[in-house]
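I have placed the structure first, in the form of C-alpha cells, so that the comments after it can refer back to it.
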Amino acid sequence: MAEKKITTYYLALITFLDILFKGQPKARLKKKLIPAYKNNSLNIMRIWKNKKYNDFGTERFIRLFLAISQFIFPGLLVRHVSGKYGLLSRKLYVELYVIIKILIPILIFKLDLTSNAFMTAIIFYLMIETVLYLATLIYLSNEFAEPVSYRRSLTFLFLNFIEIVLYFAVIYSYFNNHYSNFLNKKFVTHTDAIYFSFVTSSTLGYGDYFPTSILAKRFIIFQIILFFIFVGLFLNFFASRIQNPTYYNAGLSKNKKQQ
C-alpha cells in the first residue's frame, strides 16, 4: 500500500514538472525543424544569393561573417542535437545552455579559478559567442523565424546581459591579478570584481576602482559599448514588440475563436 502511494506521488510529481516546464500538452510546440547545421548552411546561401534582402558592402560582409561564425560555437551544436526531438526540446535545451553559460563564471569564482589562463580563455570564447549571437538578432533577423514569444526573447536578452557582465568580471579579475597596473588597486574579494563589472556596465563609475592601464581602458570601453547596444538597440527592439501576438500564440487564439 505504501509503495502504491509512493508511486502515485512520484507520477504526480513527474506530471507536475512536465506541465511546469513544457506547458499543457495541447498547447506545446510541435513544429517540424530543419536540422540546425543544414538550416545555417541554407542561411549562408540565402545571404549569398541575396534574393529577398538588398544588402551590399559592409552590411553584406557582416551578415555572411555572422552566419559562418555560428559553426565554431557550441550553441549551434546544442540546437542541432536537441532539434532532433522537436521545437519544444530545442527551446528547452537552449534555455539550459544559457543557464549553464551563466553558471560557468559563478563556478570559476566559487572555485577560485580566476587566475587560471585556460578558464579565462573559455570565458573569452563564450563571451564572443554571445556577442556575435546578439548581433545576428539584428543583421540576420530576416533569416530567423519569428520568436515563439517576445517576452521570452526579452527575458533571455536580460540573461545574456547578466552573462556578459559576469564574463567581464572574470576577465577583470584575471588581468588585475596578473598585471600590477591594470586597475588602481587589487580586488579584495570576488564580489569586488563582479561589483566593478556591474558598475562599469551601468556607466556609474563610483571611482573606488578605475583603470590605470591601456588594456583595462580598452576592456571598459568595449563593455560600455555593449551596454549601450543592449539598452539602446536590443531592449528597444524587443520591448516595442512585447504586446504583439506571436505566430504560435496568435494561431492558438485564432483556433480558439473558431471553436
Using a simple spin-label model with points 7 Å from Cα along the Cα→Cβ vector, what separation in nm is obtained for Ile62 and Leu92? 3.7
Cα gyration tensor, segment 88-131 - rounded (a/c under 1.5), prolate or oblate: oblate
Using modelled amide H (1.01 Å from N, peptide plane; none on Pro or chain starts), what sits under 5 Å from the amide H of Leu183, excluding residues fewer than 5 places away? Thr212
Determine how many Å³ per residue the convex hull of the Cα atoms of segment 137-225 encloses. 110
For segment 187-200, 3J(HN,Hα) per residue [Karplus equation, 6.51 cos²θ - 1.76 cosθ + 1.60, θ = phi - 60°, Hz, x = Gly/Pro]: 6, 7, 10, 5, 4, 4, 5, 5, 4, 4, 5, 5, 5, 5
Rg over Rh, two decimals, segment 188-227 (C-alpha only, Kirkwood Rh): 0.94
Let me know the Kirkwood hydrodynamic radius for segment 70-171, please, with Cα pairs as the basis and the value in Å to one decimal. 14.6
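A short reminder: the numbers here are calculations on the coordinates, not readings from a lab. Bear in mind the structure is a predicted one, so any value in this text is a computation, not a measurement. Don't worry about glycine lacking a Cβ; one is built from the backbone with ideal geometry, like all the others, and counts go over all protein chains shown.
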